[in-house]
Structures are given as structure tokens and as C-alpha cells.
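Trainee: First, the structure itself, so that you have it in front of you.
The values are calculated or read from the model by the stated rules, or taken from the named source; none is laboratory data. Because the structure is a prediction, the values reported are computed rather than measured. Here the Cβ positions follow ideal geometry from the backbone for every residue, glycine too, while neighbour counts run over all protein chains shown. For accessibility, only protein heavy atoms count, side chains too; no ligands or nucleic acids. Shrake-Rupley method; radii C 1.70, N 1.55, O 1.52, S 1.80 Å.
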Amino acid sequence: MKQAAPGWLVDRLLAWYDAHRRELPWRAAAGAAASPYRVLLSEFMLQQTTVATVSARFPPFLARFPSLEALAAAGEADVLHAWQGLGYYRRARALHACARTVLERHGGRLPDDAAALRALPGIGPYTASAIRAIAFGAPEVPVDGNVLRLMARLHRIETPLPAAVPRLRDLAGRLAGRRRPGDVAQALMDLGATVCRPRRPACPVCPWRDACRARAAGLAEALPRRAPRRERPLRRGLAFLLARPDGAILFRRRPPAGLLGGLHELPSSPWQEGPLAVARALGHAPAPSRWRLHPGPVRHGFTHFVLELTLAEAVLDGDAALAAPAAAIWCPPTELDRLALPTVMKKLLKLSEHGVAGRPAGAAKPRRSAWPAGGVI
Ligand code: SF4
């Protein structure tokens, strides 16, 4: 099969995009210029978060911070709060720092220069390339996982990832600079997400079907090949849900830097590899009490490890002293939405009788007898 000319590929791709483009809340209408601020927001949100989640979270975030100036002027706690549900909070912090830097260094206008963009907090090569193509019409093809998959299949590249990445980038780069760079970038995103999907690609409706070498060879779903992934280590810990007799729950704030930096959490023992030593972990309890263990831990995947937290729950004895009273943040269960809680903490709260996330305010708490059978320490 002869290799298809880049011009033909772009023409077919754009014709398909004009007929099948996804309507997404951050996208400009067909033919209209994109707003650099919206592109910036969406690109930060879409790093490591699905389009479906971002589609739901983008409109309220934009309503709360309608301009780069409004975002730059906001307090960090407000930005983190509005970011809830999007995960990976360090991106929210970087976005906030980015807005402030654009205001200070560039008078509030996002630069269109690649080096200036990459000098901003949170903007790496891919995000800079996507902003330049979509917001400023620069002749670039931002290469993400969708584009790598498309190139591997279209050209039948059987070298496994990540070794094949430079070659795939080079092939994608040949599509740059022809027509409508922003639409080419977005069309590739859409084609990869809706047609050339990781599983069960819809080859019969693909605009590149006549040129696709993987399809011709019956290898569409098998590509791209990947080098075997290293297993993520499993860490375990004991999380403590301590309630006052009035129902308020004890939280603390994580240190500003590092994983889940600055977010609220239930106190817990250190997260360590190996089996959970409950007796030792209880030494990290925020106060002495009769701790009741929930059966079955909560699991959550982070980039570099998987976390398994077992929930221990107790009511504070009026005479008991807190281990770290200065760090204590007491929050009534009806006001949990005022906290910046990471997903893993929400999962824990759902386990408990205080798990009001998802329960309408004022709804009856489950009776104590409705607790799952667990252990009492
Ligand atoms: S023909 Fe199939 S495998 Fe090839 S690019 Fe299109 S959807 Fe992907």
C-alpha cells in the first residue's frame, strides 16, 4: 500500500471534522476564533482527566472565573475548591500560578510564542503546542496518546511504545502547516476519541480507512504495541474518621507541596508498602478512642503507586486530648463541600456513617446498626 500524501490526509480529516466534530463547552463554534483563555483552561483540565469529566466541570469553573484576570485575583483555596472533581490538584495550583504570571509578565495576554508559553507554570511541550495550534493557528500538531495511536495504525508502526514515539511524532508533524491548524489538532483529538478508539476502532467510518496500513493488515486493534508496564507498588495505611459528639468530623490540611498538596484529608497513618500493621498504625490515631474498623479498604490509584486505606471510625471521648490540636479542622458533615477533598477522601467518607457526600443535606444518617460489620479496637 502506497503511503498517503499528507495533503490528502489533512483534506479527508478536515472534511470528516466539519461533519462530525464534537460540541465541547470550551470549543469555539465552527469557523469562529478560539478564546485563548478557554483553550488554556481546557488544556490544563484535560491533562490526565477525561473529556466527559472536564465537560461537566468546565462550565461552572468558567462561570466562577470568567477571565484570566478573575482567576489570577482569586485565592488559592477558591481555585482548589472549584477544581474539585478534576483530580491532580497540582494542576489547579499550576493553572493559578500561570494566570498570575501571564498577568505580571504579559499584561494578561497569553503569549503565542512557544518559548514564552513553556516558561509559564504548568505548561509543557504538549500544552504549549495545543495552545499555539488551537488558540493562535500556529502550524503545529500537538501529539498526545490519541495522535500516537492514529499514527501507529495509519502507518503500521509495530515498534512498541515508548521507543516508537520519535518516529510517530515525526509522522504527525508532516500534517502540520497545511490548512486550519487548530481544526487539524482538534480533529485528531476527535478522531482518536470517537473513531480510532483504543479498543474496537470504527474503521468502516474512518476518513483514513483507504490509506490505513494497520487496517489493511488486520492489525488495527493490536497497535500501538507497548513495552510491558512496570507494576505500581501498593501502599497501605489506616485513615481515622473521628467525630465529635455534635457530629463534626476531624480533618487536617496536607502540606502545601507534594502529593495532594494543600488539600484536606482525614488523619491517617503513614502510607507504606507491605501489610498493614493495625496495632502500629493505631499509634498514629489523632486521639485515644474505641476505634471501629470498616471491613474492606478503599483503593485509589495515583500515578506512581496504588493506595489502600482502611477506615477506622470513632466518636471523640469528651476528655480525650487530640494528638495535634493545632492542626485540627472540625467540619460538620453537612458542610463537607466547603473543604477541598481529594477523591480518595470522598471514597472514605462514603464508607462511613458520616459519608454525607451524595446524601442530601438534612437526610437522616444511617442508624448505627446499619454500619457494616467491622472490628472494634
Ligand atoms: S482505519 Fe481504523 S485503525 Fe486506521 S486510522 Fe482509521 S480507525 Fe484507526
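Trainee: Please give the net charge around residue 69, taking every other residue with its beta carbon less than 15 angstrom from that of residue 69, where Lys and Arg add +1 and Asp and Glu add -1.
Mentor: So the environment of residue 69 carries a net charge of +3.
Trainee: Same structure again: Can you tally the net charge around residue 236? Count Lys and Arg as +1, Asp and Glu as -1, for every other residue whose Cβ sits under 14 Å from the Cβ of residue 236.
Mentor: Here the count lands on +2.
Trainee: To the nearest 0.05, what FRET efficiency results for residue 252 and residue 232 with a Förster distance of 35 Å applied to their C-beta separation?
Mentor: Computed FRET efficiency for residue 252 and residue 232 comes out at 0.85.
Trainee: List the residues whose amide H sits under 5 Å from the amide H of residue 108, counting only those 5 or more places along or on another chain, with H placed 1.01 Å from N in the peptide plane.
Mentor: Residues meeting the criterion, in which the H sits 1.01 Å from N, are 103.
Trainee: With the Cα gyration tensor of region 93-133 giving a ≥ b ≥ c as the square roots of its eigenvalues, does the rule (a/c under 1.5 for rounded; else a/b larger than b/c for prolate; else oblate) give rounded, prolate or oblate?
Mentor: Oblate.
Trainee: For every helix of n ≥ 4 consecutive DSSP H residues, a contribution of -39,500 (n - 2.57) applies; sum these over the chain, divide by its total residues, and give [θ] at 222 nm rounded to the nearest 500 deg cm²/dmol.
Mentor: The helix-only estimate for the chain comes to -10500 deg cm²/dmol at 222 nm.
Trainee: Leaving out ligands, DNA and RNA, what percent of the accessible area of the chain is carbon and sulfur, probe 1.4 Å?
Mentor: Within the chain, the accessible surface is 53 percent carbon and sulfur.
Trainee: Region 146-208 to region 292-311: how many Å between their Cα centroids?
Mentor: When both Cα centres are located, 37 Å separates them.
Trainee: What does the net charge come to around residue 190 if you take all other residues with beta carbon closer than 15 Å to its beta carbon, with K and R at +1 and D and E at -1?
Mentor: With Lys, Arg at +1 and Asp, Glu at -1, the net is +3.
Trainee: On full extension of the chain, what length is gained from residue 29 through residue 63, given 0.36 nm per residue of separation minus the C-alpha to C-alpha distance?
Mentor: That works out to 10.4 nm of additional length.
Trainee: Quick query: amide H of residue 197 versus all other amide H atoms, modeled in the peptide plane; which residues come in under 5 Å with a sequence gap of 5 or more or a different chain?
Mentor: 202
Trainee: Compute the accessible area per residue over the chain, keeping the other protein chains in place, probe 1.4 Å, unit Å².
Mentor: 48
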